[in-house]
Amino acid sequence: MMPLITNITGTLNLLEEATLAGVCSFVFTSTTSAFGDALTPPLEAPAAWVTEDVTPVPKNIYGVTKCAAEDLCELFSRNQRLPCLILRTARFFPEEDDSQATRQRYTDDNIKANEFLYRRVELADVVSAHLLALEKAPVIGFGRYIISATTPFTRDDLLPLRTNAPDVVQRLFPDHVAEYARRGWQMFPGIERVYVNQRARKDLGWRPHYAFRQVLDSLKAGEDPRSPLAQAVGSKGYHADTFAEGPYPMENVTI
């Protein structure tokens, strides 16, 4: 019930109050997990090139309620002329990975570094995107935007990424091999989706600072690759309880 109350009823309440108050900018923080099963192509297919034009296929109640909340935002923008932008944020949380198999195979730092290639964004960049969205909403009116680190991949990389991601990454970042070996890290054998932030960079003027290149350079220099903001905020945790399969109830949510 909590996703239903928070994501739908809570968003509706905020939209109604924002309309009554005559606010000039409404920004809804959504999630790339709203795409759901659209993020996982068939095994023989290339990795998915995920833009805002991909139709969501929610795979759990969390995704259903996020998509419903987005639709409410679009409804109020259309009918009430409320300037509203939706930011579908990629992973920026510091908590452990939701996949037990991934946690068992890779260290947490290894996982997060890999994800900057295709599905992670730094907290400081998320904040800057929200500030820009507040500024741009009155001009844009309504829009959905993927907020993820700028990927180094192109569409030409999608097929080899699915079957042999280490070769693609080595071609683009040959210096990562020695640094990963020094740390005992591994690149994922395959990557199934790539988030594309081009629309946010174009429409919002967003310039994310953190990406795989920056992370790799920080690691090589012996520095913390996280932004000062992320270091200051730290980990807040998902839930007060502990669950066997992951950091939250896996039957309800998968991010």
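Looking only at the range 176-200, which residues are out of contact with any strand residue (DSSP E or B) (no Cβ under 9 Å at 6 or more places or on another chain), part of a helix (DSSP H, G or I) and buried (at least 16 other Cβ atoms within 10 Å of the Cβ)? So that I can check it myself, show each step before the final result.
The first filter runs over the range 176-200 and keeps only residues out of contact with any strand residue (DSSP E or B) (no Cβ under 9 Å at 6 or more places or on another chain), leaving 176-191.
Still in the running and part of a helix (DSSP H, G or I): 176-183.
Across the range 176-200, the qualifying residues are 176, 180.
Residues in the range 201-225 that are touching an Asp or Glu at 6+ places or on another chain (Cβ under 7 Å), assigned to a loop (DSSP other than H, G, I, E, B) and buried (at least 19 other Cβ atoms within 10 Å of the Cβ): 2 in all. For beta carbons closer than 6 Å, sequence separation of 6+ or different chains, a first residue in the range 50-63 that is touching a residue at least 60 places away in the same chain (Cβ under 8 Å) and a second that is surrounded by 16 or more Cβ atoms within 10 Å (Cβ to Cβ) and assigned to a helix (DSSP H, G or I), the qualifying pairs are 52/199; 61/3; 62/3.
For the range 115-129, the criterion of being of a type in the set (Phe, Trp, Tyr), in contact with a Cys (Cβ under 7 Å, 6 or more places away or on another chain) and not in a helix (DSSP H, G or I) is satisfied by no residue at all. Among the residues of the range 11-22, those identified as exposed (fewer than 15 other Cβ atoms within 10 Å of the Cβ) and either of a type outside the set (S, T, N, Q) or under 27 Å from residue 119 (Cα atoms) (or both) are 16, 17, 20, 21, 22.
The set of residues from the range 6-33 being among the aliphatic types (A, V, I, L, M) and at pLDDT 95 or above comprises 12, 14, 15, 18, 20, 21, 23, 27.
Exactly one residue out of 64, 27, 54 is among the β-branched types (Val, Ile, Thr), out of contact with any helix residue (DSSP H, G or I) (no Cβ under 6 Å at 6 or more places or on another chain) and surrounded by 15 or more Cβ atoms within 10 Å (Cβ to Cβ), and it is 64. Suppose the filter is farther than 22 Å from residue 209 by Cα and in contact with a helix residue (DSSP H, G or I) (Cβ under 7 Å, 6 or more places away or on another chain); does residue 167 pass it? So residue 167 fits the description; yes.
The values are calculated or read from the model by the stated rules, or taken from the named source; none is laboratory data. Remember, it's a predicted structure, so these values are computed and weren't measured experimentally. Here the Cβ is made from the backbone with ideal geometry for all residues, glycine too, and neighbour counts use every protein chain on show.
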